[in-house]
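A short write-up of the structure that comes next.
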Amino acid sequence: VNSKGGMLRGLEVNVQQPFTFLPGILSNFGVLANYTYVDSDIEYRLSATGTDTVKATLVGLSKHAANATLYFETPKFSIRGSIAYRSSYLVAVPGTEGNAYNGTNATTNIDAQISYNLTDKIKLSLEGINLTDELNDQFVDETNRLNVLTHSGRQFVLSARVAF
């Protein structure tokens, strides 16, 4: 149901810094980081035919999100570790089964990747996804009642890339 919309206010800060100014092997390190803050206030219509409304944040939008990656790279070898945080967010307003809304609780994911160039044309990689085994925790209503708890587990991917 379309509504009048609402205001979004926010701020994003982003840093990408290779440490090439450091001496020796330290010059192969670098960091990527960002932080986003968004405040939203949307008036949602509760039905297509009624005039009742509810104010909530924009569906799918977290108030806080942050990512950071520390890496080490040479022409032959690369290793990176990343952390990603996302605060809770709504997925449906109004919610299902008479609830005010449905949402997903905050998550913090840690991933890592290591790669090695065997030759100019062959690269081997090992990637670890969700290393801390973060759960997908979905809720309903203002009381944060558990609705869905999904456990996808850690994932490891070993790959080889060949260029022709």
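Please determine, by comparing only the residues of the stretch 104-120 that are in contact with a Ser or Thr (Cβ under 6 Å, 6 or more places away or on another chain) and over 30 Å from residue 73 (Cβ atoms), which one is most open to solvent (accessible area, probe 1.4 Å). Among those residues, the one meeting the criterion is 106. Of the numbered criteria (1) free of Cβ contacts under 8 Å to residues at least 40 places away in the same chain; (2) over 20 Å from residue 159 (Cα atoms); (3) surrounded by 15 or more Cβ atoms within 10 Å (Cβ to Cβ), the one residue 93 fails is (1).
The residue that is farthest from residue 111 (Cα to Cα), counting only those in the stretch 47-60 that are open to solvent by 50 Å² or more (accessible area, probe 1.4 Å), among the hydrophobic types (A, V, I, L, M, F, W, C) and touching a strand residue (DSSP E or B) at 6+ places or on another chain (Cβ under 6 Å), is 58. Residue 58 passes every criterion in (1) among the aliphatic types (A, V, I, L, M); (2) under 20 Å from the mean Cα position of the chain (by Cα); (3) in a strand (DSSP E or B) apart from (3).
Would you confirm, using the coordinates I've provided, whether residue 101 is exposed (fewer than 15 other Cβ atoms within 10 Å of the Cβ), in contact with a strand residue (DSSP E or B) (Cβ under 8 Å, 6 or more places away or on another chain) and of a type in the set (Ser, Thr, Tyr)? Outline the logic, then answer.
Values: exposed (fewer than 15 other Cβ atoms within 10 Å of the Cβ): no; in contact with a strand residue (DSSP E or B) (Cβ under 8 Å, 6 or more places away or on another chain): yes; of a type in the set (Ser, Thr, Tyr): yes.
Against the criterion (exposed (fewer than 15 other Cβ atoms within 10 Å of the Cβ), in contact with a strand residue (DSSP E or B) (Cβ under 8 Å, 6 or more places away or on another chain) and of a type in the set (Ser, Thr, Tyr)), residue 101 does not qualify.
The values are calculated or read from the model by the stated rules, or taken from the named source; none is laboratory data. On a predicted model such as this, the values are computed, not experimentally measured, just so you know. FYI the Cβ positions are ideal-geometry reconstructions off the backbone, even for glycines, and counts take in every protein chain you see. Surface areas here come from the heavy atoms of the whole protein model, side chains and all, with no ligands, DNA or RNA. Shrake-Rupley method; radii C 1.70, N 1.55, O 1.52, S 1.80 Å.
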